[in-house]
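Accompanying notes for the structure given below.
Derivation of every value follows stated rules applied to the coordinates shown; laboratory data play no part. From a predicted model like this one, the values you see are computed outputs, not experimental measurements. Virtual Cβ from ideal backbone geometry, glycine too; neighbours counted across all protein chains shown.
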Amino acid sequence: MSQGESCVNCIQRTLVSAPKSQHLRLLSVSFVLLCLTASAANAQLWKQSQQLPLCSKLPSSNNNNPTLQASSGAQMACFGVQSNGAPQRAITPLVSSVSGDSFATTNVNAANTNEDQTNGTRAFGQSEVSIAAAGPYVVEAWNDATGFFAPVCAAQNKDQLTGLGFSANGGKSFFDLGGLPNVNCATSVFQGDPSVEVFQTGGNTYFYVSSLFFNTSDFSEQIAMDVCQVTGSTLTCNPTPVIIADPGAFGFDDKDFMAIDAARGLLYVTYTDFSFGDTIKLSVCDIGNGALGGSPAAPVCNSKIGPTPGYLSIATSNSCAEIEGAYPAVDAGSGDIYVAFESNWATNLFGCNTIPVQDVMNFVPASCIALPGSSPCRGPAARKGIPIVSIDSAFVSGYNRFPPNDFPRPAVSDVNGTVSMVWNDTRKDVLGNILLQSFNLTSLSLVQSRPVPLDNDGIAGNLHFMPALRNVDAHGNLNVTWYDRRLNPNSASTDVFGAFGVNPRTSTTPTSNTRVTNVSSDWLAVSSDIIPNFGDYTDNYMELLASPGVSTQAYVAWSDGRINDPQPFNAHQGLP
């Protein structure tokens, strides 16, 4: 390999001169030897992940024929810093408040902008958030551009591309903890796409924060998590990452999200494995179940020894249609698992236009989880696809990524006997409505004859985008939040609105929506080192309380541009 030549270029030169029958063997050997040898010359560990085979299939400045799309974390892993500014400001004035802002006094930045500096360089971009809460404790995590500029194994783990903040006072204020701790920071790095879950047992509170995880031990993009425990008013994270999924050498696992079965001590994680085509997989971690020898402080995922290829395959694309954006939900009563994902996202723009775009719900019975052995099931017991009209061909003003997504978000309501999913859909409004479709548990028969819009502003062309839904409130109702531009239509001025207390069996649009933000964000005025600048998803979490008169505390998390730098905001409110 000549000086300055990339691993990929060197391997391509080697393969051209070799017989096709030897390509796979040469690729494996060359990639390991050449790239690990070259790694010593890389100033940033995360730059090595740019050589992964998946990266060459994604849209970039030097790839005019992309074949796949991937998550925000994958964009960070493959392309690194993607700085962009604001060509102009929106003409419409921003609205700072409206009557009935019930979340207005609780808008809080979970990050500290002073932490976004390293060695004299400021990073712009803390976005794509996830949140979970229990009692007074709240954790929010995000993609953190600071890791692009920090040296390997920097103080406060600033070299890690996944950041987090902790609150011990119910979300009134947060302490920015920097990056996710990683004792193996010299040879691995967290790379964004965070998901947060919480587990309380034995008087202790544990937070689990998962993320993409690039590991040079086998040159793969894995899924890993840190386990963090609350002690008094502090959060301490074990610096040894727990590997949730390992695709093997040169493989790429993407877009992780978690759901917890607290009653059975199990943690579920869904993701897309791009190693050979694209497959939605479900991993399972023992966080107190005992079947794998795990505990809340020391989870064990799938198996004690060796790679973790995923406990159960949910779906594999056998066509040109990419499947991506998987989210799990657990039935607390039965232990059944439901997984929703999008089929033919983005590939519908790349020539795969004979296959309809769908959001797909899958039912996995609890009996399919037979730890410590392998699953007796070959896949979901039931599946239902809902045709959607995608937003992915739109260039959303102020959103610096193309294409946008329509990923579905699911939640189970035992009270109502339903599993529901929500997504943004352009069948009625050109820039999307937030639609709800519920299914009867286990059979996945439809509850509504057609999806129900949850946004009620009635403004033609108004953006409704990236809905969040995790779990139901104390009454079994849904609380859905999303990005919204009703206050300043025809601009990039963006707020977060929500529909709260929605019965999953409803067939009518709610009479009211609630504003969550107290300041609008003009995304044409926001600088960012990350694409997408406000992430691929928002999040919320319904935390059940025992306090008299308050049954649920609603936490909402989103990326906010009010200071012209993407920041991980959140707000909370008690629900009746």
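If you take every residue apart from A554 with its C-beta less than 13 Å away from the C-beta of A554, what net charge results, scoring Lys and Arg +1 and Asp and Glu -1? Result for the local shell: -2.
Extension gain for L544 to F350 (0.36 nm times residue separation, less C-alpha to C-alpha distance): 65.4 nm.
Among the chymotrypsin sites (Phe, Trp or Tyr not before Pro) in segment 290-395, those placed in a DSSP loop whose Cβ has at most 11 other Cβ atoms within 10 Å are F395. Spacing of the modelled spin labels on N184 and R450, each 7 Å from Cα toward Cβ, amounts to 5.2 nm.
For the cross-link pairs K172/K281; K172/K384; K281/K384; K255/K384; K172/K428, which exceed 29 Å when the distance is taken from alpha carbon to alpha carbon?
K172/K281; K172/K384; K172/K428
Here, segment 89-575 is characterised by an Rg to Rh ratio of 0.93, where Rg is the alpha-carbon radius of gyration and Rh the Kirkwood radius. With viscosity 1.306 mPa s and temperature 10 °C, the Kirkwood radius over alpha carbon pairs of segment 250-405 converts through Stokes-Einstein to a diffusion coefficient of 96 µm²/s. Relative to one another, the C-alpha centroids of segment 438-461 and segment 289-360 are positioned 23 Å apart.
Above 18 Å, the calculated P(r) of segment 140-236 contains 45 percent of its Cα-Cα pairs.
Converting the Cα gyration tensor eigenvalues of segment 182-323 into ellipsoid dimensions via √(5λ) gives semi-axes, longest first, of 26, 17, 13 Å. Entry note, segment 436-552: relative contact order of 26 percent, from Cα contacts under 8 Å with a spacing of 6+ residues.
For segment 238-279, chymotrypsin sites (Phe, Trp or Tyr not before Pro) are listed when DSSP marks them as loop and at most 12 other Cβ atoms sit within 10 Å of their Cβ; the list is F276. The label point for D414 and the one for R427, both projected 7 Å from the Cα toward the Cβ, are 3.2 nm apart. The relative contact order of segment 89-575, computed from alpha carbon pairs under 8 Å that lie at least 6 residues apart in sequence, is 15 percent.
Between C153 and S233, full extension at 0.36 nm per residue minus the direct alpha carbon distance yields a gain of 26.2 nm. Which loop trypsin sites (Lys or Arg not before Pro) in segment 94-203, with loop taken from DSSP, have no more than 13 other Cβ atoms within 10 angstrom of their Cβ? Those that pass, being in a loop and sparsely packed, are K172. For segment 281-437, the relative contact order is 17 percent, taking Cα pairs closer than 8 Å that sit 6 or more residues apart in sequence and dividing their mean separation by the residue count. Each principal axis of the Cα atoms in segment 200-279 has its own extent, and those three values, largest first, are 44, 26, 15 angstrom. Put a dot 7 Å past the Cα of S397, heading toward its Cβ, do the same for R378, and the two dots end up 5.2 nm apart.
Report note on the peptides 507-518, 205-216: ranked by the mean count of other C-beta atoms within 10 Å, highest first, their order is 205-216, 507-518.
Here the ratio of the Cα radius of gyration of segment 359-438 to 2.2 N^0.38 Å is 1.43.
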